[in-house]
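The values are calculated or read from the model by the stated rules, or taken from the named source; none is laboratory data. What you see is a predicted model; the values in this text were computed from it and never measured. Here Cβ is always computed from backbone atoms with ideal geometry, including for glycine, and neighbour counts include all displayed protein chains.
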Amino acid sequence: MTASAQAPAPRRDWQRSVVYQIYPRSFCDSNGDGIGDLKGITSRLDHLQQLGVDVVWLSPVYSSPQDDNGYDISDYRAIAPEFGSMADFEEMLAAMHARGIRLMMDLVVNHSSDEHAWFQEARKSRDNPCHDYYIWREPGPDGAPPNNWEAAFQGSVWAWNEATGEYYLHMFSPRQPDLNWENPRVRQEVHALMRFWLDKGVDGFRMDVINMISKPWRADSSLPDAPAVREGFLQPGFALSCNGPRLLEFLAEMRREVLDHYDTITVGEAPMATTRQGVQITNPQSGALDMLFQFEHMDLDSQPGHPDGKWALKPLDLREFKATMSRWQDALAGQGWNSLYLSNHDQPRPVSRFGDDGAYRVASAKMLATCLHLLQGTPYVYQGEELGMTNVRFESIDDYRDIETLNRYRVAVHERGQDPAQVMAAIHAKSRDNARTPMHWSAGPNAGFTGGRPWIALNPNFHELNAEQALADPDSVFHYYRRLIALRHAHPVIVHGRYDLLLPGHTEIYAYTRSLAHEHLLVVCNFSAQTPRFALPPELQASERRLLIANYPVDAGEDLRSLSLRPYEARAYLLN
């Protein structure tokens, strides 16, 4: 066996941590109003402690009109009444810390709610001190919006403000006006609200679309039209508002003014980021954040360049998936840090997307977890992922609640005349509501989520797929996740080992090694319902091998030199 990298110097604990994301609206309801809340979270912390996670990322619980389920914030220092009170928050935080779990809050500062006091003042007059907190443009000669950009949630990125005779920019909903980070007062306001939560004992932040805070164009510049890729005025313009020239400057200022004064864990959501930007943002010496969410692997089952964006479906090519994951593994090795995820509140359920949510649901859920958790980086578990929860297929668009999904159906069907059945098929595959149906705690009424009427309908498979059942079954997806998390805590090679891809051209097997000193970890995952053969490369022949984890029973004497993999099988071996 070849010599490998030596163990690096000890690093901060977030590198060996596992993060669990809670979407509070759908996690657990304590008061029967059908909406999950803070007391509900506190009541379920033993579930997270048993799972073994180290950090919770909590999606927004701030005051909000809930146009985008809390990602439109009207008061950054207050708790939304539907989630509880500040006392409830402090009780939850103390209960997490008592269990050794740290808390990352969601920091949403590319935009605010249109009901935030800043915007309420800003829209009154051009002379208002808050006016420059947001991004404004004069109308075109015919009164039209300044350019043809389409917002992420459909429609123009520009909304008219009658009082000032201007358009304001919103890259998402019209009720989410973009903040003007070129204004130093805006940055100071953000730094102050970060200190507010850190002084309460919060341990860090997940930063929503943080690479959009600096636009590629300056606040005083013209805004060219986006290239036309379809009929009509509006064209996709999202890419034109990411990764602006002052991004690293703004993040460095945030680190200098706030983060360096606290022991924090930080992750930045960075759509359309490149590996070079990933290194710049997460480099331990010169970067500002600990890690980032990149999206390349999340776009591989959509047709590239299609005007329908993520809704234009195509089958996943495993070779592309491996190449993308490997490029990020290689580029950030020793220079930055990866976030590892296959799902979150904005993505469909991975077992339905990349596995098999039918006959092989359990096997494929375990396989996907194996592949992800043994890579280099910090793994993220989205609520219900540890149970193998699946996508939901609501028959009627009226059962959906997500603003992106509802707007997509309205525009595609009623404005562009697309086939409703095809539009619904894409919604079944990609709607954000796939991840937002309530957590399955039991087979009882409303899956144990609420004593009232849930804010969104449950996935009907909760009767056979729930936490109560999973904890009672030693072979469940939950207990498999628990073992994977324990392995990360126990084996430095999983945290610090060098990554090397095997079989890059194989269409069904994702295999790789992690190497640290003279220890090698071999990971083999079958991404299909077929039975492909895996042959151990000659350079990996080892005198000793130890099976760390597998999702099927394994014969201890089985010959690794030629292995027939079962559907969605996963194995990980230590080789010496």
Say whether the condition of being of a type in the set (Asp, Glu) and either touching a strand residue (DSSP E or B) at 6+ places or on another chain (Cβ under 8 Å) or in a strand (DSSP E or B) (or both) is met by at least one residue in the range 531-553.
yes
Got a sec? Which of SER528, SER515 is of a type in the set (S, T, N, Q), at pLDDT 95 or above and assigned to a strand (DSSP E or B)?
SER515
Residues of the range 315-330 being without any contact (Cβ under 8 Å) to a residue 24 or more places away in the chain and buried (at least 16 other Cβ atoms within 10 Å of the Cβ), which ones?
none
Within the range 406-423, does at least one residue satisfy the condition of being touching a His at 6+ places or on another chain (Cβ under 6 Å), assigned by TED's automatic domain parsing to the domain that holds PHE321 and over 30 Å from GLY334 (Cβ atoms)?
no
If a residue must be over 19 Å from SER74 (Cβ atoms) and surrounded by fewer than 21 Cβ atoms within 10 Å (Cβ to Cβ), how many such residues does the range 130-151 contain?
11
What do you reckon, is THR507 over 24 Å from the mean Cα position of the chain (by Cα) and in a strand (DSSP E or B)?
no
Selection from the range 241-262 of residues loosely packed, with under 13 Cβ neighbours inside 10 Å and farther than 27 Å from ALA152 by Cβ yields ARG256, ASP260, HIS261
SER339 being of a type in the set (S, T, N, Q), in the same structural domain as PRO379 (by TED's automatic domain parsing) and buried (at least 22 other Cβ atoms within 10 Å of the Cβ)
yes
Out of ASP346, ASP299, ASP263, ASP357, report the one residue that is more than 30 Å from THR437 (Cα to Cα) and charged (D, E, K, R).
ASP263
Could you count how many residues in the range 150-199 are assigned to a loop (DSSP other than H, G, I, E, B) and under 25 Å from the mean Cα position of the chain (by Cα)?
16
Criterion first (out of contact with any strand residue (DSSP E or B) (no Cβ under 7 Å at 6 or more places or on another chain), closer than 26 Å to ALA486 by Cβ and assigned to a helix (DSSP H, G or I)) does MET367 satisfy it?
no
Is it true that ARG218 is modelled with pLDDT of 95 or more, of a type in the set (Lys, Arg), assigned to a loop (DSSP other than H, G, I, E, B) and out of contact with any Gly (no Cβ under 6 Å at 6 or more places or on another chain)?
no
Taking the range 192-227 and keeping only residues that are touching a strand residue (DSSP E or B) at 6+ places or on another chain (Cβ under 9 Å), surrounded by fewer than 22 Cβ atoms within 10 Å (Cβ to Cβ) and of a type in the set (Phe, Trp, Tyr), one is left with PHE196, TRP197
Name the pairs whose Cβ atoms lie under 6 Å apart, with the first residue in the range 421-433 and farther than 19 Å from ARG25 by Cβ, the second of a type in the set (Val, Ile, Thr), and 6 or more positions between them or separate chains?
VAL423/VAL413; ILE427/THR405
Out of ALA333, ALA312, ALA288, which single residue is of a type outside the set (D, E, K, R) and crowded, with 21+ Cβ neighbours inside 10 Å?
ALA288
Residue count for the range 180-214, restricted to those that are free of Cβ contacts under 8 Å to residues at least 60 places away in the same chain and not polar (S, T, N, Q):
5
Scope the range 536-563; condition under 34 Å from the mean Cα position of the chain (by Cα) and among the small types (Gly, Ala, Ser); matching residues:
ALA550
Quick check on my filter: what residues within the range 516-530 are of a type in the set (S, T, N, Q) and surrounded by 22 or more Cβ atoms within 10 Å (Cβ to Cβ)?
ASN526
Condition (residue is among the charged types (D, E, K, R) and either out of contact with any Asp or Glu (no Cβ under 9 Å at 6 or more places or on another chain) or over 25 Å from VAL351 (Cβ atoms) (or both)) applied to the range 510-517: is it met by at least one residue?
no
Can you tell which of ARG187, ARG175 is at pLDDT 95 or above and crowded, with 21+ Cβ neighbours inside 10 Å?
ARG175
Using the structure shown, decide if VAL229 is in contact with a His (Cβ under 9 Å, 6 or more places away or on another chain) and assigned to a loop (DSSP other than H, G, I, E, B).
yes
Only listed residue being touching a residue at least 24 places away in the same chain (Cβ under 8 Å) and outside any strand (DSSP E or B), chosen from ASN128, ASN147:
ASN147
Of the residues ARG453, ARG482, which single one is touching a residue at least 24 places away in the same chain (Cβ under 8 Å), closer than 18 Å to GLN50 by Cα and basic (Lys, Arg)?
ARG482
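Matching residues to (1) in contact with a helix residue (DSSP H, G or I) (Cβ under 9 Å, 6 or more places away or on another chain); (2) in a helix (DSSP H, G or I); (3) not hydroxyl-bearing (Ser, Thr, Tyr):
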{"site": "ARG327", "(1), (2), (3)": "yes, yes, yes"}
{"site": "GLY334", "(1), (2), (3)": "no, no, yes"}
{"site": "SER352", "(1), (2), (3)": "yes, yes, no"}
{"site": "GLY355", "(1), (2), (3)": "yes, no, yes"}
{"site": "GLU386", "(1), (2), (3)": "yes, yes, yes"}
{"site": "ARG408", "(1), (2), (3)": "yes, yes, yes"}
{"site": "VAL411", "(1), (2), (3)": "no, yes, yes"}
{"site": "HIS414", "(1), (2), (3)": "no, yes, yes"}
{"site": "VAL423", "(1), (2), (3)": "yes, yes, yes"}
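For every residue, the table says whether it meets (1) of a type in the set (D, E, K, R); (2) farther than 22 Å from GLN15 by Cα; (3) in contact with a Leu (Cβ under 7 Å, 6 or more places away or on another chain).
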residue: THR266; (1), (2), (3): no, no, yes
residue: GLU269; (1), (2), (3): yes, no, no
residue: GLN277; (1), (2), (3): no, no, no
residue: MET298; (1), (2), (3): no, yes, no
